[in-house]
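**Student:** Handing you this structure, nothing more for now.
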Amino acid sequence: MVASPTRIPCAKPSITELEVRYAANAAAEGWGEQCYACIERFEDLFRAFVGTTGAVATSSATGALHMGMAALGIGAGDEVILADSNWIASAAAIVHLGAKPVFVDIRPDSWCLDPQAVEAAVTPRTKAILAVHLYGNLCDMDRLGEIATRHGLALIEDAAEALGSRWQGRHAGSMGLFGAFSFHGSKTVCTGEGGMLVSSDPAFLERVRTLANHGRKPGETRQYWASVVGFKYKMSNLQAALGCAQMERVAELVARRRAIFEGYRKRLEDLPGLAVNIEPPGTVNGYWMPTVVFPEDAGDIQDELMARFRRDNIDGRVFFHPLSGLPMFESRPENRNSYDIPKRSANLPSFHDITDSEQDRVAAVVREQYHSL
Ligand SMILES: *Cc1c(COP(=O)(O)O)cnc(C)c1O
């Protein structure tokens with residue numbers, strides 16, 4: 001009898017003595033006059049890291065996207081263009097505002113928005129382009145910026161998966177009108193649940209800060225006085241304490257993601273036609289989630305590949321289903337790459353403390369699948 005190998009999870013945060021100490025301090029001291037101290041510090045550390053003038057901590061990236069798009073006045077009858085290959089959160093925020101998500105195809109190399117498809121999808125009702133940087137890979141921000149400017153659209157970034165990714169030296173999330181980040185337990189920086197909206201537009205930030213505080217304007221002197229109906233998407237001081245510790249370690253957290261990706265790349269580089277996350281010249285990839293895409297002629301191997309991972313007690317994940325293939329949206333099979341790539345792809349476990357021998361086990365499953373084709 002061979003003992004079944006130990007479980008390799010897909011994701012889990014890196015929590016050290018520093019995070020534990022900060023969280024314990026906040027639990028003991030972070031009340032009364034101190035009840036926003038960690039939140040303010042976390043926002044400062046975060047905006048300094050991504051290079052924006054403002055940052056507003058939220059309860060999730062979904063909340064940041066919802067509130068940010070509300071602050072842009074996006075609502076009923078409006079359209080927002082985004083990639084079909086996506087986590088549902090990005091589309092949910094649009095739907096909650098009564099607007100319509102318009103799903104366009106991804107590029108086969110970056111797995112992000114195809115700018116040509118974006119251009120073709122613009123209508124008089126389009127209000128914004130939502131650039132989601134998938135698995136750490138970056139959208140083509142130059143071309144998307146140019147399209148947005150030409151059509152008078154807002155360019156928004158969902159950088160939930162792209163902390164540490166940079167385009168021509170600029171951080172993901174800092175290039176659009178606003179950017180949203182997630183600190184869910186699977187993400188590079190973790191606060192349990194949590195998010196951040198970043199922007200350098202003072203008027204926009206003022207609207208967001210008002211909406212974020214139940215419609216109470218910053219500096220409002222009357223108690224309990226709301227001037228609009230806002231949101232309650234705040235982060236707690238306790239969560240922010242964890243965030244402060246994680247931001248003090250952010251260089252280490254991103255560097256480790258990059259080292260894990262490099263570990264997989266080396267283990268798999270002799271397999272011709274096996275695609276992985278890309279890092280084009282002029283960019284840095286935060287490599288949130290190392291992903292493999294098997295050659296086009298592999299066919300639909302999703303079930304087989306996931307069964308191999310399960311057999312070896314590895315939590316491999318499927319590439320996002322095309323959102324337009326879900327029951328609540330109109331199907332768009334013409335988004336060929338979005339429908340095709342998930343059939344022959346997988347996300348590989350990439351948590352901070354993964355060991356070399358665990359990476360060996362994951363790579364062995366990928367190699368076995370490759371050689372069975
Ligand atoms: C994780 C994620 C989100 C949602 O983040 P929450 O903090 O869970 O709301 C949004 N968009 C993308 C692309 C994500 O990966």
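Laboratory data are not the source of any read-out in this text; all were calculated from the coordinates shown. This is a predicted model, so every value here is computed, not measured. Here the Cβ positions follow ideal geometry from the backbone for every residue, glycine too, while neighbour counts run over all protein chains shown.
**Student:** So what's the gap between the Cα centers of the stretch 1-51 and the stretch 82-119, to the nearest angstrom?
**Tutor:** 30 Å
**Student:** Over the chain, what is the mean sequence separation of C-alpha contacts under 8 Å (at least six apart), divided by residue count, expressed as relative contact order in percent?
**Tutor:** Reported as a whole number, the value is 22 percent.
**Student:** Can you count the Lys pairs in the chain whose Cα atoms are under 16 Å apart, with each pair 8 or more apart or on different chains?
**Tutor:** 4
**Student:** Then there is this: Among Leu323, Leu163, Leu197, which one shows the highest mean-square fluctuation when the chain is modelled as a Gaussian network with alpha-carbon springs under 10 Å?
**Tutor:** Taking springs between Cα atoms under 10 Å, the residue moving most is Leu323.
**Student:** Would you list Arg143, Arg21 from fewest to most Cβ contacts within 10 Å?
**Tutor:** Ranked by crowding around the Cβ, least crowded first: Arg21, Arg143.
**Student:** Turning to a different aspect of this structure: Taking the chain, how much of its Cα-Cα pair set, in percent, is spaced more than 40 angstrom apart?
**Tutor:** 15 percent
**Student:** Still on this structure, I have one more. Can you tell me, using C-alpha contacts under 8 Å and at least 6 residues apart, the relative contact order of the stretch 161-201 as a whole percent?
**Tutor:** 34 percent
**Student:** Work out the length of the dipole vector of the stretch 91-197 about its Cα centre, built from +1 on the beta-carbon of each Lys and Arg and -1 on the beta-carbon of each Asp and Glu, and round it to the nearest 20 debye.
**Tutor:** Roughly 260 debye, rounded to the nearest 20.
**Student:** Now for a different question. Once you have the alpha carbon radius of gyration of the stretch 240-339, what is it after dividing by 2.2 N^0.38 Å, with N set to its residue count?
**Tutor:** Against the empirical 2.2 N^0.38 Å value, I get 1.36 for the stretch 240-339.
**Student:** Using the 10 angstrom Cβ neighbour count as an exposure proxy, how do Ser357, Ser60 rank, fewest first?
**Tutor:** Result, fewest neighbours first: Ser357, Ser60.
**Student:** Return the unpartnered cysteines for the chain, using a Cβ-Cβ cut-off of under 4.7 Å.
**Tutor:** If one checks each Cβ against the other cysteines of the chain, Cys10, Cys35, Cys38, Cys190, Cys244 turn up with nothing under 4.7 Å.
**Student:** So which residue, out of Asp270, Asp315, Asp353, gets the largest mean-square fluctuation from a GNM of the chain using Cα contacts under 10 Å as springs?
**Tutor:** Of the options given, Asp270 has the highest mean-square fluctuation.
**Student:** Quick check on the exposure proxy: order Ser200, Ser236 from fewest to most C-beta atoms within 10 angstrom.
**Tutor:** Final ranking by Cβ density, sparse to dense: Ser200, Ser236.
**Student:** Right, next: Could you size up the charge dipole of the stretch 16-142 around its Cα centre, putting +1 on the beta carbon of Lys and Arg and -1 on that of Asp and Glu, and report it in debye to the nearest 20?
**Tutor:** I would put it at about 300 debye.
**Student:** In a solvent-free Debye calculation with one equal scatterer on each Cα, what is log10 I(q)/I(0) for the stretch 1-142 at q = 0.09, 0.10, 0.16, 0.21 Å⁻¹, listed in the order of the q values?
**Tutor:** Normalising to I(0) and taking log10 leaves -0.44, -0.53, -1.00, -1.29.
**Student:** Next question. How large is the helix-only mean residue ellipticity at 222 nm for the chain, computed as the sum of -39500 (n - 2.57) over DSSP H runs with n ≥ 4, divided by its residue count, in deg cm²/dmol to the nearest 500?
**Tutor:** -11500 deg cm²/dmol
**Student:** Below 8 Å, C-alpha to C-alpha, sequence gap of six or more: please give me the relative contact order for the stretch 80-218 in percent.
**Tutor:** 15 percent
**Student:** Something else: Could you size up the charge dipole of the chain around its Cα centre, putting +1 on the beta carbon of Lys and Arg and -1 on that of Asp and Glu, and report it in debye to the nearest 20?
**Tutor:** Rounded to the nearest 20 debye, it is 700 debye.
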